[in-house]
């Protein structure tokens, strides 16, 4: 039940920030043009923007309590509707990225640990170090210029990966190929972290006594690692990947912006620029809900990996 | 599912062999940054079916590495076999491929370890772990293996095995965990069970129970046991032969009777003096061995024990003593083991039972009668061929 205090804290913080950030959201609706004063007053009153900030907060929380996430200033649509539109893009991108992270990150970590101090271990350690220290937006742009422009020009268009936003119409439902570069970009940093956590955890587990027991039983090295070591080494990895998945599901603002990906993160980014507060607020509220739900699921999944963590277990010992 | 490797140890396929297990001048060295650690340096012994060998020594004397070497569990590198051989049924284990070693491990030679909690995998049920060997070596399905695990847990005296088989290791008590380890080790009915300090992590009363259990199961299945311990009391009651190790080297080897009634090496004497004795007055302190074991990288030039030996002579510091035969099948590496007057320094215990009782202080072992003359007389047989094992040049003394 940590949900309630976190929720109140986040919404309060958002209201405080919106009070500080300059720019009049209503005037921005019209862009360069000006709005007639009467129209302006009507919109301001309708959105309670003439009230003190704490009254506004009260209104907002009251609406939220009734399941009303508010109404966009700019788009004239319900916030919940806008995110329902954008969420599938974000979720599918997150899914792609998390798959890459799990498969590549865990395998790289396992290989590193098993071939400790070998050439391949050092190669993997070096590449993960580089990945970790690489800013996501920069990696995204780099990949775009290599695969979308440089290789394309070099091969006369024979080799190129379509990138949404790099010219041409963006289809509403990107094809499989469109996912490659954004997912790789989104997965990159976390993948490197996953590999490092996996390596250190597995090394730690491999020095345990029960691994010696498993060898003494006559298990092959492969079985010892896959059956006895991996399950014990998984918990910190699961924690990291889970939290990361929560972050990705709530929209990767940098990656989505670089690739003009029509997802939650980009929507929030655009809304911040336009001071479209209901979208920012609603987006953050949805993110909080998603992240906290995923965290709960991670906690529950611990019990699958470690029987010593069983909630409300009947047998006390 | 489980691929069962062809059994390379079907007896009919083997050349004739003299001993079930032979260690022949085994040397296991570790290459470290500080130098070569000679963890095991020239250990030899033989073990026959159904016999028990006690390997005794302080921490760092190379007992455990010796045991791990037999199963090929020494991490290599940094470890390496510098010399010698280990033969199981006449076949060299050191020359064996890893695939074949996997057939040996758990199947022909099993091992139990010091700390049963850390030696059991915390995330799997006890039943699965106990039965796992049967899945690998006997091709049982997981369900069959768990059913067999129930029998095995029952055999080692765990109550309610049908329920307990579904428990996780953390739900077992210390003694029960070691029982489960024994059940796991005996699942495939191995010819040899190596027990590496199996009672050290347990309460004194539980220690006696575990030892009794091992003896009982040994009688039933005819398993040969290598009992590694720092506690002479543990092996007094159980072992046919005893090997005393110091700083990776063997210092004394003989039958249990010989080691306890006529110990030859000052180090063995020291071990005996540090066992609490019932008949001692309460105010009479134990006599510990002074100092610490030497660094295995930088051993003293002569006898490894010379720096701690109360009877050290200049000769001990100059020349490294080798194991040599002193009397019937009784070997010692001390230069003075032939000197009758020197041997008067030995602490003589009245009986081996007394040592066992003093060390465990439970009384159960003392009257268990396992060390009756019959058992010891039997051990005379094994030693016939032993003379060749210590082919040190120094039999002339």
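Taken together, the values in this text are just the output of simple stated rules run on the coordinates, not laboratory data. What you are looking at is a predicted structure, and each value in this text was computed from that prediction instead of being measured. Glycine also receives a Cβ, built like all others from the backbone with ideal geometry; neighbour counts cover every protein chain displayed.
If N is the number of residues in the range A:3-65, what value comes out of its Cα radius of gyration divided by 2.2 N^0.38 Å?
Scaled against compact globular proteins, the figure is 1.30.
By how many nm would the segment from residue A:92 to residue A:238 grow when fully extended, if each residue of separation counts as 0.36 nm and the alpha-carbon distance is taken off? Walk me through the numbers before you get to the answer.
Values: separation 146, 0.36 × 146 = 52.56 nm, distance 1.98 nm.
Residue separation times 0.36 nm, minus the Cα-Cα distance, leaves 50.6 nm.
Give the order of B:269, A:150, A:261 when sorted by the count of other beta carbons within 10 angstrom, beginning with the fewest.
So the ranking, lowest neighbour count to highest, is A:150, B:269, A:261.
Over all residues in A:221-234, what is the mean tally of Cβ atoms on other chains that come within 10 Å of each residue's Cβ?
2
What distance in nm separates the two pseudo spin-label positions at residue A:119 and residue B:82, each 7 Å out from Cα along the beta-carbon direction?
3.1
What number, rounded to the nearest 500 deg cm²/dmol, is the helix-based mean residue ellipticity at 222 nm of the protein assembly as shown, given -39500 (n - 2.57) per DSSP H run of at least four residues and division by all its residues?
Calculated mean residue ellipticity at 222 nm is -14000 deg cm²/dmol.
Modelling each spin label as a point 7 Å along the Cα-to-Cβ direction, I'd like the residue A:45/residue A:180 distance in nm, to one decimal.
Calculated label separation equals 5.8 nm.
Could you tell me how many degrees, from 0 to 90 and to the nearest 10, lie between the Cα long axis of helix A:264-273 and the main elongation axis, the longest principal axis, of the Cα atoms of chain A?
Helix A:264-273 sits at roughly 40 degrees to that axis.
Rank-order B:304-311, B:256-263, B:108-115 by packing density, defined as the average count of other C-beta atoms within 10 Å over each peptide's residues, highest first.
Sorting B:304-311, B:256-263, B:108-115 by mean packing, highest first, produces B:108-115, B:256-263, B:304-311.
Can you give me the orientation-averaged projected area of the convex hull built on the Cα atoms of the protein assembly as shown, in nm²?
Taking the Cα atoms of the protein assembly as shown, their convex hull projects to 44.1 nm² on average.
Per residue, how much space in cubic angstrom lies within the convex hull of the C-alpha atoms of the range A:80-316?
161
For the range A:80-316, what relative contact order do you get, as a whole percent, if you take Cα pairs closer than 8 Å and at least 6 residues apart?
Over the range A:80-316, the number comes to 27 percent.
Using R₀ = 30 Å, calculate the FRET efficiency as 1/(1 + (r/R₀)^6) where r is the Cβ-Cβ separation of residue A:28 and residue A:81; round to 0.05.
For residue A:28 and residue A:81, the calculated efficiency is 0.90.
May I ask you to sort B:165, A:132 by Cβ crowding, counting other Cβ atoms within 10 Å and putting the fewest first?
The fewest-first ordering by Cβ neighbours comes to A:132, B:165.
May I ask you to sort A:116, A:217, A:75 by Cβ crowding, counting other Cβ atoms within 10 Å and putting the fewest first?
A:116, A:75, A:217
To the nearest 0.05, what FRET efficiency results for residue A:301 and residue B:97 with a Förster distance of 41 Å applied to their C-beta separation?
The calculated FRET efficiency here is 0.55.
Evaluate 2.2 N^0.38 Å with N set to the residue count of the range B:74-156, then give the Cα radius of gyration divided by it.
1.32
Using a 10 Å cut-off on Cβ to Cβ distances, tally the other chain neighbours for every residue of A:202-215 and report the average as a whole number.
If you average over the peptide's residues, the count of other-chain Cβ atoms is 5.
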